[in-house]
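Values quoted throughout were computed directly from the atomic coordinates according to the rules given, and no laboratory measurement underlies them. Computed from a predicted structure; not experimentally measured. Cβ: placed from backbone, ideal geometry, glycine included. Neighbour counts: every protein chain shown.
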Amino acid sequence: MPSYYPQNIFAKILRGELPCYKVYEDDKVLAFLDIMPRAPGHTLVLPKAPARNLLDVKPDDLAAVAVVSQRVANAAMKVFAADGITIQQFNEGAGGQVVFHLHVHVIPRQAGVAMKPPASAKEKPDVLADQALKLSAALKS
Ligand code: DGP
């Protein structure tokens with residue numbers, strides 16, 4: 001497997017070199033909205049420590065990401081009045097991974113509504129800002 005590439009787009013977001021619509025942060029994990037959501041509220045949960053994907057992440061970072069993914073999922077159920085949550089996590093190009101810093105997709109779902117195709121359309125900045133505000137507030141309560 002190739003080694004971790006520190007110039008990937010999520011590494012730049014983690015270093016504060018690029019902006020994001022932040023939903024949650026602690027010492028080990030950052031969660032922000034996907035700018036090309038497959039459904040409203042589509043959130044990405046990342047370890048802060050460099051990890052290419054599931055195959056090389058340290059177990060304690062993986063555990064921290066899992067715990068936050070569950071918290072984001074529960075918050076998203078309320079904020080988006082969701083009927084369910086889809087979790088996705090891709091590993092290497094053959095596994096569907098496009099950005100090579102480990103991330104878990106937390107996607108709120110409505111019954112009978114299909115997800116958009118991956119990375120099909122950018123959401124409007126004001127919509128993302130509003131959703132991030134609501135999700136982060138729900139995560140604090
Ligand atoms: P994947 O590596 O296949 O799990 O997909 C990467 C996801 O990242 C995809 O859903 C689109 C999203 N994405 C790509 N570029 C950016 C970006 O600059 N900011 C944010 N927030 N999401 C991005």
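For segment 104-134, a residue qualifies if it is within 17 Å of residue 77 (Cβ to Cβ) and in contact with a Leu (Cβ under 8 Å, 6 or more places away or on another chain), and the qualifying residues are 104, 105, 106, 131, 132. Taking segment 1-104 as the region of interest, the strands (runs of 3 or more DSSP E) fully inside it that hold 1 or more residues being surrounded by 19 or more Cβ atoms within 10 Å (Cβ to Cβ) and without any contact (Cβ under 8 Å) to a residue 24 or more places away in the chain are 29-33.
Considering segment 92-136, the residues that are under 22 Å from residue 8 (Cα atoms) and either touching a His at 6+ places or on another chain (Cβ under 7 Å) or among the hydroxyl-bearing types (Ser, Thr, Tyr) (or both) include one that is farthest from the ligand (Cβ to nearest atom), namely 120. Quick one: in segment 105-126, which of the residues that are among the aliphatic types (A, V, I, L, M) and in contact (Cβ under 8 Å) with a residue 24 or more places away in the chain is nearest to residue 7 (Cα to Cα)? Among those residues, the one meeting the criterion is 119.
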